[in-house]
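The values are calculated or read from the model by the stated rules, or taken from the named source; none is laboratory data. Since this is a predicted model, take the numbers as computed values, not measurements. Neighbour counts are summed over all protein chains in view; Cβ atoms, including those assigned to glycine, are modelled from backbone coordinates with ideal geometry. Surface accessibility is based on the protein's heavy atoms, side chains included, excluding ligands, DNA and RNA. Shrake-Rupley method; radii C 1.70, N 1.55, O 1.52, S 1.80 Å.
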Amino acid sequence: MSLHLSVLGRVDTTSPPLKLPLAAGEVRTGFPSPADDYLEAELDLVDHLVQHPSATYYLRAKGTSMTGVGIYDGDLLIVDRSLEPKLGHIVIMSVDGELTCKKLGKIGNRPYLIASNPEFRPIPLDGKECQVWGVVTHNIHSLAPGFSV
């Protein structure tokens, strides 16, 4: 299954910031260490994840073609339309009228959209009607069973 997308909406620039606690220090993913018992600051996730609010929107990923870069079925993608796509960027692109999420790349001297799952073939862009919808800047997915983002 290729990766299909559902547009969820744009960033609401009029809503007040929702500041969540940000713990000081780091958390080790190896051997456990004692937790710090104080907060460093408060963190507004929109402020932290969205650089250009008026040019940013959210999409829901559908499919398995980008699992190699950590984009899974149901993930929430944060997409910035103001960024110039470069080789290696994960982009949202309309190819012959169908939205897809892939890595922008080249094979030889020709532009391609490249999946991060070897089960999917690269998509050649030569001779196709293409429109970039933006660059994926962040991916959010749930690690808790039964919890969706």
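Data overview
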item	result
Members of the range 105-119 found to be basic (Lys, Arg) and under 11 Å from Leu87 (Cβ atoms), listed by number	Lys106
First in the range 97-110 and open to solvent by 70 Å² or more (accessible area, probe 1.4 Å) and assigned to a strand (DSSP E or B), second anywhere and at pLDDT 95 or above and hydroxyl-bearing (Ser, Thr, Tyr), Cβ under 7 Å, 6 or more apart	Lys103/Ser116; Lys106/Tyr112
Test: residue in the range 99-106 that is more than 19 Å from Val69 (Cα to Cα), of a type in the set (S, T, N, Q) and in contact with a strand residue (DSSP E or B) (Cβ under 8 Å, 6 or more places away or on another chain)	no
Scan of the range 88-122 for residues that are aliphatic (A, V, I, L, M) and under 21 Å from Leu59 (Cα atoms), ordered by number	Ile90, Val91, Ile92, Met93, Val95, Leu99, Leu104, Leu113, Ile114, Ala115
Candidate set from the range 116-149 (those that are aliphatic (A, V, I, L, M) and within 14 Å of the chain's Cα centre (by Cα)); member that is surrounded by the most Cβ atoms within 10 Å (Cβ to Cβ)	Val136
Where a residue in the range 61-72 is in contact (Cβ under 8 Å) with a residue 40 or more places away in the chain and among the basic types (Lys, Arg) and its partner, wherever it lies, is surrounded by fewer than 18 Cβ atoms within 10 Å (Cβ to Cβ) and part of a strand (DSSP E or B), with Cβ under 8 Å and at least six apart	Lys62/His4; Lys62/Ser6
Qualifying residue in the range 76-83 (condition: among the β-branched types (Val, Ile, Thr) and either surrounded by fewer than 18 Cβ atoms within 10 Å (Cβ to Cβ) or without any contact (Cβ under 8 Å) to a residue 24 or more places away in the chain (or both))	no
Test result for Gly63, on the phi > 0 side of the Ramachandran plot and either hydroxyl-bearing (Ser, Thr, Tyr) or crowded, with 16+ Cβ neighbours inside 10 Å (or both)	yes
